[in-house]
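Everything below concerns the one structure shown next.
The values are calculated or read from the model by the stated rules, or taken from the named source; none is laboratory data. Quick caveat, the model's predicted, so the values are computed rather than measured. Here the Cβ positions follow ideal geometry from the backbone for every residue, glycine too, while neighbour counts run over all protein chains shown. These accessible areas exclude ligands, DNA and RNA; they are computed on the full protein's heavy atoms, side chains included. Shrake-Rupley method; radii C 1.70, N 1.55, O 1.52, S 1.80 Å.
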Amino acid sequence: MERSEAYGFSAAMSGAFLLSCLLFAAINRRQRGPYMDEAFHIPQAQAYCHGRFLQWDPMITTLPGLYLVSVGVVKPAAWLFGWTGSVVCSVGMLRFINLLFSAGNFYLLYLLLFKIHLKNKAVSAFQRILSTLTLAVFPTLYFFTFLYYTDPGSVFFTLFAYLMCLYGNHKTSALLGFCGFMFRQTNIVWTVFCAGNIVAGKLNEAWKTELQKKKDEKFSSKKGSFSDLIRILQFLIEYLTSRKNLLTLTALTWPYIILVTVFFVFVFINGGIVVGDRSSHEACLHFPQLFYFLSFTVFFSFPHLLTPTKIRKFLLSLRKHPVQYSLIAVISLFLIWKYTYVHKYLLADNRHYTFYVWRKVFQRHKLVKYVLVPVYIFAGWSFADTLKSKSIFWILMYFVCLLAVIVPQKLLEFRYFILPFLIYRLNIPFPSLYRQLLELAFYIVLNAVTFYFFLNRTFQWPNSDEIQRFMW
């Protein structure tokens, strides 16, 4: 990092942290007590603070990573600064842990952007810093910086593991992946993603060698064609059935293999992925979650994905491959018909934005979910088009992980989309400065509206004295 870039990055990070601290103070003044899921997380963390490590709230579904880290930070700080009484492990103190994770995420996002786009000399220092700031205030993640939820810590350890993987420190990456798993069990998928980065790299090298031997066209020239896909699948089968290749890949990915093995042992002993209350978190094949995620991504990345040029390219592709798109449409309609699930929380809790999305869009008419298929197809095409700079093996690996992490979820919850979105956004090419500024402005407006509603547009339920607030 050059000196001018270091100064610019320090100014951006310091300014963002200062503004976050001011917002943090305002939120804690208005909402002093636990809110929503904090009603479970905060008492559990406070029990750990008092040394009651065997006490466990059966309504909590995640492992105790957040509480262990909180105690590991708060207790030494209390001893160092002489804090006593209600200050230690108070609601505000516990929430502040996520503000620290937010600062860590800012730094990790910058390092990841720098590493992933290292070979792109056209990217300026200002663009890197601007993209870092934009992703650091990504609305769905940024909101939970100010509450005691698992999301900021989950993102921190997962991004840290990804960074270490890219630098070849795979044992450290697997250890950080374990920390991420302790925050949220589904993060094991991103451990597989890290291992998949190694496998995709080796496959890409072997594929290029294969093409060179056959004096074929360049690797990327026919990416996406059906015949090319068949050849790639044949190559994958041949490569992965080779004992020598499997031994090589095992030697490279063994730290991740150990962690995945630990995960399966945990699932066997626990009797499932979820700890605590499982009645509301049953796994199912909820394929439309992929369509929701693609729509979510187009919404939050519209400066990159929803452009006149892309729309023209999509229409041209549609005209050139009508049979393929017709088949995709039929499959999509079938998946929506057979595999759409509506969680009871989605219909009952009017504090979340998803409640209003479902009611205002999907519940308008029973055919709406089918009418949206063309939108989903465009979103999927645009999504894949922005990843065309990556190797086909990386793309396949990412999509497998994406499906594994969102399809089993019955509940439509935007928080489940945070990590797959961030990893996608980190890996697409840098857009123009104008589009970056538009994206940042859009995020700032969304955050301002969200926090305004959360702080000022409160309401009450019948037969309840508690103040309710709108949130992601």
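Details
- The listed residue being assigned to a helix (DSSP H, G or I), farther than 21 Å from Tyr424 by Cβ and among the hydrophobic types (A, V, I, L, M, F, W, C), out of Phe157, Phe193, Phe178: Phe178
- The range 204-223 - residue that is modelled with pLDDT of 60 or more and of a type in the set (D, E, K, R) and, of those, most open to solvent (accessible area, probe 1.4 Å): Lys215
- In the set Ile258, Ile269, Ile237, Ile273, only one residue is outside any helix (DSSP H, G or I), modelled with pLDDT of 85 or more and open to solvent by 70 Å² or more (accessible area, probe 1.4 Å); that residue is Ile273.
- Among residues of the range 87-113 that are farther than 23 Å from Met164 by Cα and in a helix (DSSP H, G or I), those with a Cβ under 9 angstrom from a residue that is among the aromatic types (Phe, Trp, Tyr) and open to solvent by 30 Å² or more (accessible area, probe 1.4 Å), sequence gap 6+ or separate chain, pair up as Met93/Trp83.
- Scanning the range 60-86 for residues that are assigned to a helix (DSSP H, G or I) and either of a type in the set (Gly, Ala, Ser) or over 24 Å from Arg32 (Cβ atoms) (or both) gives Gly65, Leu68, Ser70, Gly72, Pro76, Ala77, Ala78, Trp79, Leu80, Gly85, Ser86.
- A search for C-beta distances below 7 Å between a residue of the range 328-340 that is assigned to a helix (DSSP H, G or I) and any residue that is open to solvent by 40 Å² or more (accessible area, probe 1.4 Å), counting only pairs 6+ apart in sequence or on different chains, returns Leu333/Tyr370; Leu335/Phe287; Ile336/Lys369; Ile336/Tyr370; Tyr339/Leu285; Tyr339/Phe287.
- Considering only residues in the range 275-319 that are among the basic types (Lys, Arg) and in contact with a helix residue (DSSP H, G or I) (Cβ under 8 Å, 6 or more places away or on another chain), the one that is farthest from Leu387 (Cα to Cα) turns out to be Lys313.
- Close contacts from the range 444-464, counting a first residue that is part of a helix (DSSP H, G or I) and a second that is open to solvent by 60 Å² or more (accessible area, probe 1.4 Å), with Cβ to Cβ under 7 Å and a gap of 6+ residues or different chains, come to Leu455/Arg30.
- Of the listed requirements (1) within 30 Å of Met36 (Cβ to Cβ); (2) touching a residue at least 24 places away in the same chain (Cβ under 8 Å), Phe299 misses just one: (2).
- Qualifying residue in the range 74-90 (condition: open to solvent by 30 Å² or more (accessible area, probe 1.4 Å) and within 19 Å of Asp151 (Cα to Cα)): no
- Pair list, Cβ under 6 Å, 6 or more apart: the range 394-410 residue free of Cβ contacts under 8 Å to residues at least 60 places away in the same chain, other residue open to solvent by less than 20 Å² (accessible area, probe 1.4 Å) and not acidic (Asp, Glu): Ile395/Leu387
- Restricting the first member to the range 115-142 and to residues that are assigned to a loop (DSSP other than H, G, I, E, B), and the second to residues that are among the polar types (S, T, N, Q) and at pLDDT 95 or above, the beta-carbon pairs closer than 8 Å and six or more apart or on different chains are Val137/Asn447.
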